[in-house]
1. For segment 218-312, how big is Rg over Rh, using alpha carbon atoms and the Kirkwood form of Rh?
2. Could you tell me which of Thr463, Leu505, Leu435 has its Cα farthest along the dipole of segment 388-537 towards the positive end, charges placed at Cβ (Lys, Arg +1; Asp, Glu -1), taken about the Cα centre?
3. Quick check for you: with a 1.4 Å probe and neighbouring chains kept, what is the accessible area per residue of segment 354-465, in Å²?
4. What lysines sit close enough to Lys195 to cross-link, taking a C-alpha to C-alpha distance under 25 Å and skipping anything fewer than 8 places away on the same chain?
5. Give me Rg over Rh for segment 278-432, both radii from the alpha carbons and Rh done the Kirkwood way, two decimal places.
6. Sort segment 238-285 into rounded, prolate or oblate with this rule: let a ≥ b ≥ c be the square roots of the eigenvalues of the Cα gyration tensor; rounded if a/c is under 1.5, and if a/c is not under 1.5, prolate when a/b is larger than b/c, oblate otherwise.
7. In whole percent, what relative contact order does segment 388-537 give with Cα contacts below 8 Å and a gap of six or more residues?
8. Per residue of segment 523-528, in order, report the coupling 6.51 cos²θ - 1.76 cosθ + 1.60 (Karplus, θ = phi - 60°) as ³J(HN,Hα) in whole Hz, putting x for Gly and Pro.
Amino acid sequence: MPETRTWQVRWQSAQRSARVVARRAGRCARTAARGAQRAAHVTSDAAQQAWQAAPRHTRQTWQLTALSAATGLSVAVVAVAAAGPWDSGQRTAERAAAVPAPTTGGEQHDDGRAPGPAPSAPAVLTALGGPARGAVGRGAAPVPTGAGLADALAPLLADPALGPLRTASVVDVANGRQVFGAKQDEAATPASTVKLATAVAALSRLGADHRIDTGVVLAGKDRIVLVGGGDPTLTARAPGAGAGDRPASLADLADATARALKQRGRTTVGLDYDASAYTGPVEHPIGPNENIAPVTALMTDEARLDDSDHGTAPRSTDPAGDAARTFAGLLKERGITVKGEPGAARAPKAPERIAVVHSLPLSDLVERMLTYSDNDIAEALARQTALAAHRPASFDGAAAAVRDALAAQHLPLAGAVFADGSGLDRDDKVSANLLSHLLLAAAAPNQPDLRPIVTGLPVAAFTGTLSGRYVGDTAGAGTVRAKTGTLTGVNTLAGTVVDADGRLLAFAFMTTGTTDPQAAQKALDRMASTVANCGCR
């Protein structure tokens, strides 16, 4: 079966990656990694047989548990190789889990240190083979008690590094019940954890396979219009190395356009561009900022003026015009003369489309948005949600569409305010209860379209915005998967973790009024690690 073969290939590839990482980790880490690899070889046949026999929804649950339970560098590579951005929904970013990523999305998470030695591996091997301690079925591991979690977490919530507002929610994924709460219904500024809401809204309205089109249409005998659909990942750069699907390419669109024009006997045209799919102000309320480009339906490479592909960067003030001018140059290279300068215009109401390129699936875009806290993708997905709901694709229209989509999921929205899709706006407000329930929905077996939210979460000490955190923390590193949120005075963390008994939990910790962001982050990280290290019964 193709799925089985894919699983086997990933298993073998991950084992090779683990051996490479182990050689770099030092003698102590090599010893631990060799033990993990031997254990992986012993259990691989059983795991593969169980994988083949299991129904699809059970395989998805096993993948989720395995991803969340990764507790060692070598085995973390095994666990997360099955899911990722830019490879048909498979987590290619996590295949190099030992390499810390640069600071991204305007959030100061990466301290520049390399990940520490690999901790031990039994938990993830148990998860790959089935539930812990010989139990059978989803949620068979012991449930932590509210009193047990309160004993573990309440003292950590009193850490002076946290601000005056401290809220928390921990939910059991198998039964959907909250097992710990502290002011969990009080709305607070979420910063980038609001991207979880954006992701749930977009995936539930559009589906994981949805793609965003960028096209070229005829507008008269000798004129064409480049029409943006809102894909912020459309690229004007040469293809990068590596296998897997790539973002839509402006060069590919130029190839198709030149062929279509030549087939019609046209080698000289005028060029306009249409970015009218989005309405309202293009500038985010925070103003010009290296964390986000003007929000427009036509741009290339997130309007970056350097060669970066995530994180902060200088941005163009005219992304749509720049994209059109680049497109004109690409057409010229292909034998098509473009008369004059491209101008902004509306495409005809019933145009003939002569060329089109498609973005990667929404599943990939969501994963990348969450892994790197990508603000440009977040705002684009909020507007795509508005378009799907037949609302204006503006900040206001997107906010209303996101709220409507979450309401349709029966999520707890008391006090929630969605001022943007990225979390850069301080007017955003959500509760810890909402964040934990967004993750609960993403992990639900009956909502596979939401699964990219879980697979897109950064892995503690290894990937994305968590690559520089949890270093040296043997309980949390490789085990905690969480979305970060940081603004001045605001620190949040929301994700999933498998506790010491093998129970999958979703959590959200929020604090406002902090004065030392690094100390606040460490305090939140300790809380997540405590849940990972706790049976709490």
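The values are calculated or read from the model by the stated rules, or taken from the named source; none is laboratory data. Predicted model only: the values in this text are computed from it and were never measured. All Cβ positions, glycine included, derive from the backbone under ideal geometry; neighbour counts span all protein chains shown. Note: accessible area is taken over every heavy atom of the protein model, side chains too, but ligands, DNA and RNA are not part of it. Shrake-Rupley method; radii C 1.70, N 1.55, O 1.52, S 1.80 Å.
1. Numbers: Rg = 15.8 Å, Rh = 15.4 Å.
Across segment 218-312, the Cα-based Rg/Rh ratio is 1.03.
2. Leu505
3. Numbers: 2760 Å² over 112 residues.
On a per-residue basis, segment 354-465 sits at 25 Å².
4. Here the lysines satisfying the reach criterion relative to Lys195 are Lys183, Lys429, Lys483, Lys522.
5. When Rh is taken as the Kirkwood radius, the ratio is 1.00.
6. Details: a/c = 3.46, a/b = 1.16, b/c = 2.99.
Here segment 238-285 falls in the oblate category.
7. Working: 241 pairs, mean separation 23.9, N = 150.
Across segment 388-537, relative contact order equals 16 percent.
8. In residue order, the calculated couplings are 5, 5, 4, 4, 5, 5 Hz.
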